[in-house]
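Shown next, in structure tokens, is the structure this report addresses.
FYI, it's all coordinate maths here, none of it is from the lab. The model shown is predicted, which means the values in this text are computed figures rather than measured ones. A quick note on method: Cβ atoms are made from the backbone with ideal geometry, for glycine too, and the neighbour counts reach across all protein chains shown.
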Amino acid sequence: MCYYLRLPGRTPLEMAKLNVERDFIVVGVLEELDDTFAVLEKMLPRFFTGAVEYLRSPGNTFTRNRSATVTKHKEVPSDEVRTILLKQMSLEYEFYYYIKDRFQKLKIQLGIVDSKQR
């Protein structure tokens, strides 16, 4: 178990950020999965060359399984629920936005255009 998770306040968050910077070359974001694989192709070509092409190819197993995991009849949380979650999970949200921002900067550095703009 991680010692830092027991500490109060911002210490676990700051340690998580340090660990990401020190130990991870890429941390992708699930809602940008295509871009995550594009980054992995550029950063680790030995392992990921062809990954984006495979993702986009019709009928591959990944695409079939991906569509099976989409939430059906998804309900949007109320403003009250959002407010409560933002308050109770503020450090988790901060970490998520830190990772997302780091990922966006890496895409720019590598010259990767958002898949949503392609």
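Odds and ends about this structure:
- Column: log10 I(q)/I(0), Debye, Cα scatterers of the range 8-118, q = 0.10, 0.11, 0.19, 0.24 Å⁻¹: -0.42, -0.50, -1.13, -1.27
- Take the Cα of Tyr96, step 7 Å toward its Cβ, do the same at Ile108, and the gap between the two points is 2.2 nm.
- Averaging 1/r over each pair of different alpha-carbon atoms in the range 9-59 and inverting the result gives 12.6 Å, the Kirkwood hydrodynamic radius.
- Cross-link table Lys42/Lys107; Lys17/Lys100; Lys42/Lys100; Lys17/Lys74, entries beyond 20 Å C-alpha to C-alpha: Lys17/Lys74
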